[in-house]
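Visitor: Take a look at the following structure, please.
The values are calculated or read from the model by the stated rules, or taken from the named source; none is laboratory data. Predicted model only: the values in this text are computed from it and were never measured. Here Cβ is always computed from backbone atoms with ideal geometry, including for glycine, and neighbour counts include all displayed protein chains. The protein model used for the area step is the full one, side chains on, heavy atoms only, and it has no ligands, DNA or RNA in it. Shrake-Rupley method; radii C 1.70, N 1.55, O 1.52, S 1.80 Å.
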Amino acid sequence: MLGALPLRAPAAEVLLEPRIGFGGVFQLGHPFPLQVDLNNVGRPVDGVVEVEVWKRGVPPSGAYPVRYRREVFLPARAKRTVGFTVDPEALIRPLSIRFKTDTTIASRDLDLRGHFSPAPLVLSVSAGGTLPFTSLAASFANRVVALPATALPPDARALGGVSHLVLYDVSLRDLARPQLQALDDWLAAGGALVVVGSLNFALYQEPKLARFLPARVTGATRIRFVDPAAADSGNAIEGVWTQTVSGVTGRTVSGAHGLPVLVENAWGKGRVIYLALDAGRPPLSNWDGLPRFLQRLLAPPATPGTTPRPRWDEALFSRLLLSSWFIATYIPTRALFFAILLYCAGLALLLQLWRRRRHAPRALALYCCGWIVCATAAGYLYFSRGGRAPDGVLLAATVMDDARGGYVDAHTNLALFSTQQREYSMGFGPGWLDLSPLALARAAPGQAVEFRHTGPAPRVQLPLAGWSYRLLHARHVERAGLSTDIALRDGTLRLEVRNHGKRDLTDCWLVAPGMRVALGEVRSGSTLTRAFSVDAPAPNGGDAGLQAIAFREKAHEILFHDAFFPKESTPAPWSGRTALFFGWVRDPQPRADVGDSRVRTEQYTLYRAIVQLPLAEDE
Amino acid sequence: MNPVLREHLGIFFREGQGLPALLYLLGILGLAEFLLLTPPYLGTQMWSGTGSLFKICASLAVVLTAYFALRAANREYAPARFKPLCYWLRERGYPVGVVARGQAAFLCAQVASSMLLIAPLLMWAGAISRTPPASLAATFVLIPFYALCYSVWGLVALALRERAPDSREPMIRGFTVMVVVVAMIVYLPLNPVVHILAVAGAEDPPRIGIFGAHGPPGVVNLCFHFAYGAAGFIAHRWALARIR
């Protein structure tokens with residue numbers, strides 16, 4: 001209780017009041033929202049809110065702090081709320097919140113151990129009526145948290161610990177664009193949106209909610225409802241309110257009287273579940289079986305096909321650095337060779353003049369000194385400024401996994417290599433879900449990572465020593481306009497690749513058991529459709545086929561064989577009876593930016609779709 | 001001009017007898033600098049090898065400059081062309097101070113010309129390695145300082161055993177190596193290469209205790225070399241006085 005009391009900072013006169021997660025709860029191991037209410041009871045103050053959490057890290061670097069900072073101006077006698085998405089791993093250390101000014105610091109430490117839930121959360125967003133989640137069966141391990149729509153976080157990462165979001169009788173009209181975008185990204189990344197119908201069907205026709213629904217809501221009517229799971233018992237509920245729909249785009253799971261009652265639709269890696277029944281009003285709200293019925297809607301999805309993170313470590317990075325293009329970015333080997341040659345040639349000429357004794361020794365000495373001074377100055381200026389040597393090189397290698405519906409789940413290996421001792425500010429685009437720095441063998445223990453909130457999206461501050469680097473792993477979910485269908489029917493493998501994105505796919509391949517086909521390019525705006533006869537598929541032939549694929553560019557070769565499809569990855573989702581389509585994205589859009597022309601950026605992006613083929617008897 | 005200095009400069013630079021020392025210095029350092037940037041020689045360390053380019057070049061430069069200055073002081077280039085010390089001291093009757101100053105000035109000229117010749121290579125290496133200007137400047141001061149501190153003992157050896165060049169060369173090399181090794185064993189930061197590596201890399205020199213005390217390594221190093229060099233100049237005068 002004492003910990004919950006706000007602390008008062010005497011000099012700055014600012015009170016800090018944090019709000020953790022959703023209703024004070026978050027899922028362990030996932031990012032969560034943190035709101036800090038600042039109450040200035042004194043004079044105007046300019047300061048920085050800093051939140052510090054700890055990551056476990058891995059040996060040899062060990063635990064390291066992650067700091068989130070936001071500059072804040074507080075007028076006199078003003079209140080303000082500052083939001084962060086924090087991601088602690090080591091809960092043994094408290095979460096520290098500080099408000100720093102030039103002269104004073106107000107701080108507060110929070111013990112997170114009383115706030116976490118081991119299971120994902122279920123968020124219930126409802127304006128008027130409530131759904132009877134409180135009486136869910138004891139076997140339902142997830143915590144259900146009710147909150148208003150406006151409390152939804154504007155950052156998809158903050159929803160990482162949420163498995164289901166239930167919307168009932170609510171308007172999303174007041175949601176800001178970042179909140180809707182976060183909802184979209186969270187869904188595409190594997191979240192589940194459960195929309196329960198209501199008598200107020202007009203709310204479901206608002207564009208902000210209708211865009212998520214797998215059907216168009218047209219009205220409401222009463223029906224006789226029989227629970228499909230207990231259809232044998234013959235118990236029916238008369239006069240249940242249900243929404244009438246048209247234009248169903250998803251899969252109708254159950255229906256009644258010709259009306260779809262339960263419709264599911266995929267949304268990237270996630271899904272939208274639409275229950276047309278009004279479960280918050282009588283007579284359905286009085287039904288004993290309602291909690292169990294609702295619990296079935298909140299069941300976890302079937303095991304999703306997960307692909308392992310691409311391999312990324314110092315050995316692989318060192319191999320990439322040995323590529324000629326990378327060396328050429330910062331090592332002027334050729335220029336130095338010619339400079340040394342030119343300098344020696346000048347000295348040899350002076351030596352020749354000295355041997356011929358045509359010039360006075362004093363004059364020759366002056367020529368020699370002049371030549372050396374000129375060569376020194378010109379070379380120094382060229383190699384330090386004019387040699388186009390960058391301050392750093394940002395390497396981003398992305399593998400985009402097809403996530404249905406034009407969405408891709410992109411894992412990006414990032415390496416920031418610096419030739420200077422300086423700080424870099426790295427920003428990420430929309431759909432950014434995760435960023436984890438990787439431990440380095442020679443990293444200083446406990447080196448902090450700092451997220452600085454200066455604009456709409458936080459930027460990561462990375463201080464680097466001269467001739468050092470930092471490896472990071474980031475994850476995005478975005479709509480790339482790429483989708484692939486692979487189907488095996490009647491001994492024919494059919495492939496359809498739709499490229500509605502802005503970039504061409506080059507060097508495309510199809511690899512299936514006993515088959516390896518180079519497909520060339522799939523240009524932006526085009527669709528590639530091919531059919532192949534599969535007479536005698538060889539078991540596990542696909543995996544063997546990957547190793548034989550070669551690319552002209554060495555970086556592609558290294559990334560493909562060692563990072564995106566590592567041999568040691570077991571069990572590899574692309575091994576066994578799978579069909580794999582992949583292609584390199586030409587001139588990919590930047591996944592991360594440093595916002596500095598002195599930092600050269602190199603991007604590599606591979607799009608892939610992995611499809612499990614049916615067994616022979618399934619066909 | 002000092003007659004000893006005039007004679008030495010004439011033989012070394014006007015006749016070109018000292019040019020091999022300068023050309024070797026330039027050739028070795030230039031080749032090393034280029035090879036350090038060539039991938040096959042660095043293997044997987046290629047990516048960060050450039051960062052150490054100036055450090056390696058500077059440490060190589062200090063060794064080479066001191067070595068060739070020591071050889072020049074020890075009269076290992078065209079020894080027959082130089083007049084013996086007893087000629088200046090006894091036959092011409094010059095005071096010890098004049099001869100000592102002439103030889104020391106020649107040594108400074110040799111070190112200065114070496115520095116002038118390799119300056120572009122070091123500066124380019126510094127630019128490629130992104131070495132801070134302060135480290136560059138410090139390195140350019142330290143290299144001739146170390147070279148003088150060690151090579152002055154070549155003058156001592158010459159004055160002590162002028163008539164026995166065959167035994168003088170191994171003696172002065174052995175003595176220098178012994179001083180370097182013993183100093184390194186007693187206190188690692190006393191080693192000039194270790195110190196140059198630290199200064200060129202803009203890092204703090206290694207802090208190692210000496211007899212339980214932890215002094216500032218840079219100051220200890222400079223004091224030691226200052227004392228060592230000063231002892232060399234005093235011993236040189238003393239040895240010249242013996243000839244007279």
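Visitor: Using the Karplus curve 6.51 cos²θ - 1.76 cosθ + 1.60 with θ = phi - 60°, what ³J(HN,Hα) values do you get for each residue of segment B:181-195, in whole Hz, with x for Gly and Pro?
Guide: 5, 4, 4, 5, 5, 5, 7, 3, x, 5, 5, x, 5, 4, 5
Visitor: Looking at segment A:404-423, which residues lose a minimum of 20 Å² of accessible area between their chain alone and all protein chains in place, measuring with a 1.4 Å probe and not counting ligands or nucleic acids?
Guide: Checking the loss per residue gives A:GLN420.
Visitor: Over segment A:319-415, what number does the Rg to Rh ratio reach, with both radii from the alpha-carbon atoms and Rh per Kirkwood?
Guide: 1.37
Visitor: Run the reach check for A:LYS208 against aspartates and glutamates, Cα to Cα strictly under 15 Å, same-chain hits fewer than 8 apart removed. What comes back?
Guide: Partners within reach: A:ASP169, A:ASP174, A:ASP184, A:ASP185.
Visitor: Which shape class applies to segment A:215-269: rounded if a/c is under 1.5, otherwise prolate when a/b exceeds b/c and oblate if not, where a ≥ b ≥ c are the square roots of the Cα gyration tensor eigenvalues? Mind dumping the intermediate values first?
Guide: Values: a/c = 3.10, a/b = 1.43, b/c = 2.17.
It comes out oblate by the Cα gyration axes.
Visitor: Over all residues in A:334-345, what is the mean tally of Cβ atoms on other chains that come within 10 Å of each residue's Cβ? Intermediate results must be reported in sequence, preceding the final value.
Guide: Numbers: counts 1, 3, 12, 5, 0, 6, 9, 2, 0, 6, 4, 0.
Across the residues of A:334-345, the mean count of other-chain Cβ atoms within 10 Å is 4.
Visitor: Please compute the length gained on full extension between A:TRP371 and A:LYS79, using 0.36 nm multiplied by the number of residues separating them and subtracting their Cα-Cα distance.
Guide: 98.3 nm
Visitor: Could you look at the protein assembly as shown and say what percent of its accessible area is carbon and sulfur, using a 1.4 Å probe and all protein chains?
Guide: It is 58 percent, rounded to a whole number.
Visitor: Given contacts defined as C-alpha pairs under 8 Å and at least six residues apart, what's the relative contact order of segment A:7-116, whole-number percent?
Guide: 32
Visitor: Once phi is turned into θ = phi - 60°, what whole-Hz ³J(HN,Hα) does the Karplus curve with 6.51, -1.76 and 1.60 give for every residue of segment A:242-258, x standing for Gly and Pro?
Guide: Values per residue, Gly and Pro as x: 9, 8, 9, 10, 9, x, 5, 9, x, 9, 7, 7, 8, x, 8, 6, x Hz.
Visitor: Please arrange B:GLU203, B:GLU15 by accessible surface area, largest first, computed with a 1.4 Å probe and ligands excluded.
Guide: Heavy-atom accessible area, descending, gives B:GLU203, B:GLU15.
Visitor: Right, another one. Work out the mean other chain Cβ neighbour count within 10 Å for the residues of A:367-377 and drop it here as an integer. Can you show the working numbers first?
Guide: Values: counts 0, 3, 2, 0, 1, 5, 3, 1, 5, 7, 2.
Rounded to a whole number, the mean comes out at 3.
Visitor: Name the shape class, rounded, prolate or oblate, that the alpha-carbon gyration tensor gives for chain A, where a ≥ b ≥ c are the square roots of its eigenvalues, rounded holds for a/c under 1.5, and otherwise prolate holds if a/b is larger than b/c and oblate otherwise.
Guide: oblate
Visitor: Now for a different question. Can you give the average number of partner chain beta-carbon atoms within 10 Å of each beta-carbon in peptide B:114-124, as a whole number? Could you put the intermediate results ahead of the total?
Guide: Details: counts 0, 0, 5, 4, 1, 5, 15, 7, 2, 8, 15.
Counting Cβ atoms of other protein chains within 10 Å of each residue's Cβ and averaging gives 6.
Visitor: Which of the aspartates and glutamates could be linked to A:LYS100 by a straight reach, that is with a Cα gap under 14 Å, when you skip same-chain ones fewer than 8 residues away?
Guide: Hits, sequence-local ones excluded: A:GLU13, A:ASP46, A:GLU50, A:GLU52, A:GLU71.
Visitor: Quick one: if the Förster radius is 51 Å, what FRET efficiency do A:ASP111 and A:GLN295 give, using the C-beta to C-beta distance and rounding to 0.05?
Guide: According to the calculation, E is roughly 0.95.
Visitor: While we're looking at this one, here's another question. Assuming a ≥ b ≥ c are the square roots of the Cα gyration tensor eigenvalues, decide whether segment B:101-206 counts as rounded (a/c under 1.5), prolate (otherwise, with a/b larger than b/c) or oblate.
Guide: Details: a/c = 2.96, a/b = 1.54, b/c = 1.92.
It comes out oblate by the Cα gyration axes.
Visitor: Any idea of A:GLU238's accessible area? Nearest 10 Å², probe 1.4 Å.
Guide: Spelled out: A:GLU238, probe radius 1.4 Å, area about 120 Å².
Visitor: Using only alpha carbons, build the gyration tensor for segment A:333-386 and give me the equivalent ellipsoid semi-axes, biggest first, whole Å.
Guide: Semi-axes from the Cα gyration tensor: 26, 13, 4 Å.
Visitor: Report the A-B buried area as the accessible area lost on both sides summed, probe 1.4 Å, in Å² to the nearest 100.
Guide: For chain A against chain B, roughly 3000 Å² becomes buried.
Visitor: Report the rotationally averaged projected area of segment A:198-290 based on its alpha-carbon convex hull, in square nanometres.
Guide: 6.2
Visitor: Moving on. How would A:TRP584, A:TRP371 rank on accessible area, largest to smallest, probe 1.4 Å?
Guide: Values: A:TRP584 5, A:TRP371 75 Å².
The ordering from most to least exposed comes out as A:TRP371, A:TRP584.
Visitor: When all protein chains stay in place, what accessible area (Å², nearest 10, 1.4 Å probe) is found for B:ASP166?
Guide: 130
Visitor: Can you send over the solvent-accessible area of A:ILE486, 1.4 Å probe, protein chains only, in Å² to the nearest 10?
Guide: 20
Visitor: Please give the per residue accessible area of the protein assembly as shown, computed with a probe of 1.4 Å over protein heavy atoms only, in Å².
Guide: 44
Visitor: Related question: Amide H of A:VAL585 versus every other amide H placed in the peptide plane: which residues, excluding those fewer than 5 positions away on the same chain, fall under 5 Å?
Guide: Excluding prolines and chain starts, which carry no amide H, the hits are A:THR506, A:THR605, A:LEU606, A:TYR607.
Visitor: Same structure, new question: Please report Rg over Rh for chain B, where both radii come from the alpha carbon positions and Rh follows the Kirkwood definition.
Guide: A ratio of 1.01.
Visitor: Here's something else I'd like to know. As an exercise, use a Förster radius of 51 Å and the Cβ-Cβ distance of A:ALA531 and A:GLN421 to find the FRET efficiency, rounded to the nearest 0.05.
Guide: Details: r = 58 Å, r/R0 = 1.13.
E between A:ALA531 and A:GLN421, to the nearest 0.05, is 0.30.
Visitor: Still on this model: In µm²/s, what is D for segment A:7-116 at 4 °C and 1.567 mPa s, where D = kT/(6 pi eta Rh) by Stokes-Einstein and Rh is the Kirkwood radius from Cα pairs?
Guide: 90
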